[in-house]
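Engineer: Structure incoming, see below.
The values are calculated or read from the model by the stated rules, or taken from the named source; none is laboratory data. Remember, it's a predicted structure, so these values are computed and weren't measured experimentally. No Cβ is skipped: glycine too gets one built from the backbone with ideal geometry, and neighbour counts run over all protein chains shown. Please note that ligands, DNA and RNA were not included when accessible areas were found on the heavy atoms of the full protein model with its side chains. Shrake-Rupley method; radii C 1.70, N 1.55, O 1.52, S 1.80 Å.
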Amino acid sequence: MTSSGPYENGSTIMGIGVSPGIAIGRAFMTEPGISAKKIILSDDQLGYEQERFRAAVARTEEKLRHVREQFASVLADYATLVDAHILMLRDGMIFDRTLGIIGAEKVNAEWALEKALRLVEDLFAKVDDSYIRERFTDVRQVVDRIFCEFAGADKLPEAIDEKVILVSRDFAPEDILRMRGRAGFLTEVGGETSHTSIVARTLGIPAVVGLKDVTGRVAGGDLVILDGSAGRVIINPGPELLRQYEERQQQQQRHVLEVAQYAHLRSETSDGLLVRVEANLEGVDEVKQALEYGAGGIGLFRSEYLYLGCKDNPGEELLFDTYKQLLSMNAPFPVTIRTFDIGGDKLSVDKTGKASGFRGKMEKQWSSEANPALGLRAIRYCLHDPAMFATQLRAMLRASCFGCLRILFPMISSCCELRQVKEVVAGVQEKLRGDGIPFDDRVRFGVMIEVPSAVALADTLAREVDFFSIGTNDLIQYSLAIDRGNELVAHMYDPLHPAVLRMIGQVVESAHGAGIEVGICGEMAGEERYLPVLLGLGLDSFSMHPLAIPAIKRMIRQSNAASVQRLAERLLDCDSSLEIRKSLRDYYVRHYPGLTV
Ligand code: PEP
Ligand code: MG
């Protein structure tokens, strides 16, 4: 392969696999490919040109509104992202400036728009704050859409063959929603926790991101194999490779159908150990899907998305109604609602900087922090704003009469912090009693173990709560010092790092020593290749994206608890992830043929 220019036939390129599955199809380049040419206009043409620009913006807006309607019914929480893009269309930085350039420089709309974009890019480039700099991506996405309107094209044309693999520098989350039915997509930028990737996983569209220069080196019409689990992409494969991947793809399709049968079976090992398999949800609209896929409860309800979707701080009644609905829909299964956890990486939920009300206040707070992932996030924010925290707790406790509620506190890093939290809870309970408002006094309280200090203190914390939930997404980030959203260090984000396994083992031991339950709700819980390890380490429950549930249940039923416990003991003695992987491979060959790690 040459280092630049088109990829040679048969080239394999590696990126970050963010949504599993094999896709095979022709590359479809979604960039509009318009290089704006400068055309000087006469004075009497300027009015028409400005009108042409306004019309392109209006058509873009109309299409976005249409997409928004689809979002509202499928992924309500993401509709706000589309709203943000709609607002940006009319932003003075682009809209007024483009009209101004057309008039002042007597140029065509495309040229003026490109120039306005460059000016904005320069402004963003001068900002020190990397988060604000990254917001330029959204401006670019919106401008791309206007360019498509000039060209009479659509970034995602409806009429193309569904087997195409869409290729772009980047996609907005709303583009992914419109991709249903497409084979898959490739992008140059992104990471596993970007919202584009999360939506792709939700919709089951295979994807590989972080493929530097891919738009310049793949040509429309190239035959592409995309392996979204391995992060592998093969360009114009030979017939033999193509045949192998077609076979693997068919195997995967058979596997999906086969494992679907496990959705409603008991999650019990061959020697009778029963564990709970639950779902991670971001919104109430996902409950139906979770139940269909066989969730035996909600292991993690990320309550912050409700706040992000509101113009202002949601009041107690809205929170109460939502929690009540969530609990009643899942009863008698337990529902674990995590208190407001936002900051750091979740800033990417809205990058427009135009948010107002509560959301605007939050964004201002975070963007002023040099290290937001280490800043005033999650429980720290709640303790900083006790009135907001008390309102959320009050709504949860009121809703507790409608099902089986567990309340989970994120990012606890010390016993003092937990005690402060418990004081706020006790105050809210006392007030409810005083007001004569009923609540279930059997509600269980737990902490997320996702900061290394919480691991070290797990034995003490375990004496003060009813359950633990290990958040490996953050625990890995904080213990290995790897930014979970940064594609440049994504290869170091290693769930099988010996330190990670030992920490999980230590937390399980502390929890069981104190007689409390311990579950896991990080992304690794939903990956088949880690299940035997986690089961062997003694976790009692596994919470994951709903689509992953049937396959994980199947793995549990194929496992023998005594055997995976011995496996885990051996892994805890390994001093490198290489050694751990080797041991696992040997074990999988014997016990789970076909499973790789
Ligand atoms: C985690 O950190 O593992 C977790 C589940 O929480 P989130 O991904 O919401 O930070
Ligand atoms: Mg977390």
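Engineer: Carbon and sulfur: what percent of the stretch 43-151's accessible surface (1.4 Å probe)? Present the calculation step by step, with values, prior to reporting the outcome.
Structural biologist: On the way: 2570 of 4880 Å².
Carbon and sulfur: 53 percent of the exposed surface of the stretch 43-151.
Engineer: Also, quick follow-up: Toward the positive end of the charge dipole of the chain, about the Cα centre and with charges on Cβ (Lys, Arg +1; Asp, Glu -1), which of VAL199, LEU327, LEU578 goes farthest?
Structural biologist: LEU327
Engineer: List every residue whose amide H lies under 5 Å from the amide H of VAL189, counting only residues 5 or more places away in sequence or on a different chain, with H placed 1.01 Å from N in the peptide plane.
Structural biologist: When sequence neighbours closer than 5 places are left aside, the close amide H contacts are GLY210, LEU211.
Engineer: Another question, if that's okay. Tell me the mean residue ellipticity at 222 nm calculated for the chain from its helices only (DSSP H runs of n ≥ 4, each -39500 (n - 2.57), averaged over every residue, nearest 500). Don't jump to the answer; show the numbers that get you there.
Structural biologist: Values: 25 runs with 289 residues, N = 597.
Per the formula, -15000 deg cm²/dmol.
Engineer: Now for a separate question. Hey, rough spin-label estimate for GLU292 and ASP213, points 7 angstrom out along Cα→Cβ, what's it come to in nanometres?
Structural biologist: Those two pseudo-labels are separated by 4.3 nm.
Engineer: If you don't mind, another one. ASP586 to ARG566: FRET efficiency via 1/(1 + (r/R0)^6), r the Cβ-Cβ distance, R0 22 Å, to the nearest 0.05?
Structural biologist: Values: r = 13 Å, r/R0 = 0.59.
Approximately 0.95, to the nearest 0.05.
Engineer: Same structure, new question: For the pair LEU488 and ASP466, how long in nm is the line joining their label points, each one 7 Å along Cα→Cβ?
Structural biologist: 4.5 nm
Engineer: Moving to a separate point now. Under the rule of at least 5 residues apart or a separate chain, name every residue whose amide H is placed under 5 Å from the amide H of GLY297.
Structural biologist: So GLY297 has HN proximity to ALA279.
Engineer: Residue separation times 0.36 nm, minus the C-alpha to C-alpha distance between ARG442 and ARG118: what's the value? Could you put the intermediate results ahead of the total?
Structural biologist: Values: separation 324, 0.36 × 324 = 116.64 nm, distance 5.88 nm.
Taking ARG442 through ARG118 to full extension adds about 110.8 nm, to one decimal.
Engineer: While we're looking at this one, here's another question. Using only the alpha carbons, work out the radius of gyration and Dmax of the stretch 92-145 in angstrom.
Structural biologist: Cα radius of gyration and Dmax of the stretch 92-145 are 11.7, 35 Å respectively.
Engineer: Which value in Å is the Kirkwood Rh of the stretch 453-597 over different Cα pairs? Don't skip to the end; give the middle numbers.
Structural biologist: Values: mean 1/r = 0.0642 Å⁻¹.
This gives a value of 15.6 Å.
Engineer: Using only alpha carbon pairs under 8 Å that are at least six residues apart, calculate the relative contact order of the stretch 378-507 and give it in whole percent.
Structural biologist: Relative contact order here is 22 percent.
Engineer: Could you work out Rg/(2.2 N^0.38 Å) for the stretch 43-151, with Rg from alpha carbons only?
Structural biologist: Working: Rg = 14.9 Å, N = 109, 2.2 N^0.38 = 13.1 Å.
That works out to 1.14 for the stretch 43-151.
Engineer: Among 82-91, 114-123, 520-529, how do they line up from the highest to the lowest mean number of other beta-carbon atoms within 10 Å? Each step should come with its number before you reach the end.
Structural biologist: Details: 82-91: 18.6, 114-123: 16.2, 520-529: 24.1.
Highest mean packing first, the order is 520-529, 82-91, 114-123.
Engineer: Still on this structure, please answer the following. Would you list, by chain and number, the aspartates and glutamates whose Cα falls below 16 Å from the Cα of LYS582, excluding same-chain residues fewer than 8 positions away?
Structural biologist: Result set, ordered by chain and number: ASP494, GLU569, ASP573.
Engineer: Points 7 angstrom from Cα along the Cβ direction at ARG26 and ALA481: gap in nanometres?
Structural biologist: 5.0 nm
Engineer: Using the heavy atoms of the protein chains and a 1.4 angstrom probe, tell me the accessible area per residue for the chain in square angstrom.
Structural biologist: Details: 24570 Å² over 597 residues.
Averaged over the residues of the chain, the accessible area is 41 Å².
Engineer: If you count, for each residue, the other Cβ atoms within 10 Å and average over each peptide, how do 545-558, 440-453, 564-577 line up from highest to lowest? Can you show the working numbers first?
Structural biologist: Values: 545-558: 22.0, 440-453: 19.5, 564-577: 16.4.
Put in order of decreasing packing, that is 545-558, 440-453, 564-577.
Engineer: Could you work out the relative contact order of the chain? I mean the mean sequence separation of Cα pairs under 8 Å and 6+ apart, divided by the number of residues, in percent. Walk me through the intermediate numbers first.
Structural biologist: Values: 1122 pairs, mean separation 90.6, N = 597.
Over the chain, the number comes to 15 percent.
Engineer: Shifting gears a bit: May I ask for log10 I(q)/I(0) of the chain at q = 0.06 Å⁻¹, from a Debye sum over the Cα atoms as equal point scatterers with solvent left out?
Structural biologist: Values, matching the q order: -0.34.
Engineer: Nearest 0.05, what FRET efficiency do ASP129 and SER414 give at R0 = 25 Å with Cβ-Cβ as r? The partial results should precede the final answer.
Structural biologist: Numbers: r = 29 Å, r/R0 = 1.16.
Efficiency, rounded to the nearest 0.05: 0.30.
Engineer: Also: As a quick test, which of the pairs LYS38/LYS364; LYS422/LYS553; LYS163/LYS212; LYS63/LYS324 have an alpha carbon distance above 30 angstrom in this structure?
Structural biologist: On the way: LYS38/LYS364 39 Å; LYS422/LYS553 35 Å; LYS163/LYS212 23 Å; LYS63/LYS324 35 Å.
Exceeds cut-off: LYS38/LYS364; LYS422/LYS553; LYS63/LYS324.
Engineer: So, one more: P(r) for the stretch 392-527: what percent of alpha-carbon pairs falls in each 10 Å bin, starting at zero?
Structural biologist: In whole percents, the pair-distance histogram is 12, 38, 29, 16, 4, 0.
Engineer: I've got another one for you. Relative contact order of the stretch 43-151, please, whole-number percent, based on alpha carbon pairs below 8 angstrom and at least 6 residues apart. Walk me through the intermediate numbers first.
Structural biologist: Values: 82 pairs, mean separation 34.3, N = 109.
About 31 percent, as a whole number.
Engineer: Heavy atoms only, probe 1.4 angstrom, no DNA, RNA or ligands counted: give me LYS361, LYS324 ranked by accessible area, highest first. Show your work: numbers first, answer last.
Structural biologist: On the way: LYS361 110, LYS324 75 Å².
Per-residue accessible area, sorted high to low, gives LYS361, LYS324.
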